[in-house]
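Here the structure is laid out as structure tokens; the discussion comes afterwards.
The values are calculated or read from the model by the stated rules, or taken from the named source; none is laboratory data. Note that the structure is a prediction, hence the values are computed from the model and not measured. All Cβ positions, even for glycine, are placed from backbone atoms using ideal geometry, and neighbour counts span all protein chains on display.
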Amino acid sequence: MTSEAPLKILVIDENPIRRAILDAGLKDAGFTDITLMGDTNGLLERIYTVDPDVIIIDLQNPSRDVLEQMFQVSRIVRRPIAMFVDQSDRATIEKAIDAGVSAYIVDGLKRERVRAILDMTISRFGAFERLRAELEETKSALKERKVIEKAKGILMKRRGLDEEAAYALLRRTAMSKGKRIGDIADSLVSAIDLLES
Amino acid sequence: MTTDLSPVGTGAPVPLKIGFIPLADAAALIVAVDKGFARAQSLDVELVREISWSNVRDRLNIGQFDAAHLLAPVAVASSLGLGHVRVPILAPFNLGLNGNAITVTTALHAALRCEAQGDLADPRVSAAALARVVAARKRKGRDPLTFGMTFPYSTHNYQLRFWMASGGVDPDEDIRLVVLPPPYMVESIANGHVDAFCVGAPWNSVAVDLGIAHILHFVSEILERAAEKVLAVRSDWAGRHPELLARLLKAHAAAVAYVEDIANREDVCRILAAPNRLGVAPEVIRRTLDGRLKVSPSGELRASDRYLLIGRKGAARPDPVQAAWLYAQMIRWGQAPMSQDLLTAALGVFRPDIYDDVLGAPSDRAAGAPADGIGAFAGPPFDPHDILGHLAPWRIKRGAI
């Protein structure tokens, strides 16, 4: 193929959200020929049909070893090489592994073209990781708020406090014990559960 | 980054990150860490469980791991720059010899039994039977048999090829040989994707326990001694941290002694069985370490004192002849050209000199070991100084050799 033809990109990622994020990112960057694979059933046939120039696979996918074998022995697929082969680009390689992704690239592609795909992939994998972390954070913040509400309710009922005083008591206790207010609330709720169950 | 300024016992333990794949032959590494032998050497090891050999290799290569539980042929291939970027690796300590098994579906086992002229437990008999099964399938126009193994540069790959080729089966022409991640092996045999596989413990036993397969061979029946997994470090890392490497070896030597002491067997199985280590039942691991495996769904047992060697019989000391044998297989199967430089590089991966400097030469070395260090069931003795001459008599091989 000539270097002007649109690059064919195959994305193998079991995570549907990350797959979609990557797909959107690559399309935004002007790549149009993208194939997404969620499972690795019939991997060889798919690679044969798609005939990709670049294969992107997440590092949590055990089928990475399967891919490496295919590139070694198959007579029907072109042999992409791992992104690691170009030793000069160590920083990109480290960033990719940190982000949790690996790529295989058909030999002879211009570096700049591949570079754009790799940079995009790394940044989208990073974005997904941040998104996931934020979601986790939101989830635990929500959970914490619920526990604090419950603890406040217990104090209001048991100690005859109003809401503001109940919260102030929780906060004071947390500060004096050097703990988070959520932890104090959690201990109180667990203790009451134990006593009353 | 690691520094080894502080002698053992002074200062904070040195943090190390070591990758492993959940397999029984990671025992020495896991026990070194979880039983405190690494800590006693003032090493603070974080074990990272990995999902693929490609990941272990890449993370070791770029320095995210200080050391790794690695397939011996990957250490050689990486040092020679085969199939991937060249990163010189040193193997100063064997984590295990042998330990794999060839497992076949109950259907293939029945077919082999029909064709066997003698005891199927004899690899000469089983390889000849396989050749007849393969020929019969070809005559009937049926799909070729599919064999699973774990990595292109794996002992499993070479053991399977060596065995079937000795019976006249060409592993690239007469059957399909595919890579499967070890945790998928059992499922693949259950759903009919493969007819057989060669993999390490515990996966063979898991398939037999499900009643869907027979263990046909321990690989120790094919080769008496094959370097399976090594403790691998980058050559440049070893050069910068000789003292750390020495401590790591001492921790492993202590762990090996603990693992091989039968009195500790239960404790070792418990440690390995943990969810963040191997994550399988202790009883299955016990069979592997005892070298006493259930080989058929009806409960038939087979025992071998060399099924998996973790340290005993001098197994932990690297033998460069093993590296040369692996390189010879890479040549035979078209993965590498023959060159004196590559042979020298391959021999230099296994470092008994480092082992001896730190731990002293083992006293029970070579007790009952084969004269050529390999002990293959077929063919002439291995000669690392005449690889082409050694490969010449084999009819089935690749490339221009």
Point to revise | Of the criteria (1) surrounded by fewer than 22 Cβ atoms within 10 Å (Cβ to Cβ); (2) not in a helix (DSSP H, G or I), which one B:E228 fails | key: (1)
Check your understanding: Say we look at segment A:1-41 and pick out the residues that are under 23 Å from A:E112 (Cα atoms) and of a type in the set (V, I, T); which of these is surrounded by the fewest Cβ atoms within 10 Å (Cβ to Cβ)?
Key -> A:T2
Practice item. State whether one or more residues within segment B:156-167 are at pLDDT 95 or above, away from every other protein chain (no Cβ under 14 Å) and not in a helix (DSSP H, G or I). Key: yes
Exercise for review: Name the one entry in A:R132, A:R172, A:R180 that is surrounded by 11 or more Cβ atoms within 10 Å (Cβ to Cβ), closer than 30 Å to A:A24 by Cβ and among the charged types (D, E, K, R).
Suggested key: A:R132
Exercise for review: Keeping to segment A:42-55, report how many residues are crowded, with 23+ Cβ neighbours inside 10 Å and away from chain B (no Cβ under 14 Å).
Suggested key: 3
Exercise for review: Give A:E129, A:E136, A:E196, A:E149 a once-over and let me know the one that is farther than 30 Å from A:T32 by Cα, under 18 Å from the mean Cα position of the chain (by Cα) and not β-branched (V, I, T).
Suggested key: A:E136
Exercise for review: Could you pull out every one of the strands (runs of 3 or more DSSP E) wholly within segment B:1-111 that has 3 or more residues that are crowded, with 24+ Cβ neighbours inside 10 Å and within 13 Å of another protein chain (Cβ to nearest Cβ)?
Suggested key: none
Check your understanding: Mind checking which residues of segment A:1-58 are of a type in the set (V, I, T), at pLDDT below 85 and in contact with a strand residue (DSSP E or B) (Cβ under 9 Å, 6 or more places away or on another chain)?
Key -> A:T40
Review point. For the subset of segment B:168-203 comprising residues that are away from chain A (no Cβ under 12 Å) and of a type in the set (F, W, Y), which member is nearest to B:V56 (Cα to Cα)?
Key: B:W203
Check your understanding: Within the bounds of segment A:108-115, is there any residue that is surrounded by fewer than 16 Cβ atoms within 10 Å (Cβ to Cβ), outside any helix (DSSP H, G or I) and modelled with pLDDT under 85?
Key -> yes
Study note, to complete from the structure: Scanning segment A:109-124 residue by residue, those acidic (D, E) and out of contact with any helix residue (DSSP H, G or I) (no Cβ under 8 Å at 6 or more places or on another chain) turn out to be A:E112
Review point. Out of all the residues in segment B:304-360, which are basic (K, R) and farther than 23 Å from B:L82 by Cβ?
Key: B:R306, B:R312, B:K313, B:R317
Point to revise | Residues of segment B:134-155 classified as within 20 Å of B:V219 (Cβ to Cβ) and either in a helix (DSSP H, G or I) or not aliphatic (A, V, I, L, M) (or both), total | key: 9
Point to revise | Pair list, Cβ under 7 Å, 6 or more apart: segment B:298-316 residue in contact (Cβ under 8 Å) with a residue 24 or more places away in the chain and under 29 Å from B:D353 (Cβ atoms), other residue in a strand (DSSP E or B) and small (G, A, S) | key: B:L308/B:G96; B:L309/B:G96; B:I310/B:G96
Exercise for review: Evaluate segment A:73-90: report whether one residue or more is under 24 Å from the mean Cα position of the chain (by Cα) and either at pLDDT 90 or above or over 19 Å from B:I51 (Cβ atoms) (or both).
Suggested key: yes
Check your understanding: Within the set of pairs 6 or more residues apart or between chains, which connect a residue that is away from chain B (no Cβ under 12 Å) and within 23 Å of A:A133 (Cα to Cα) inside segment A:93-115 to a residue that is part of a helix (DSSP H, G or I) and not β-branched (V, I, T) with Cβ atoms less than 8 Å apart?
Key -> A:A99/A:F125; A:A99/A:G126; A:A99/A:E129
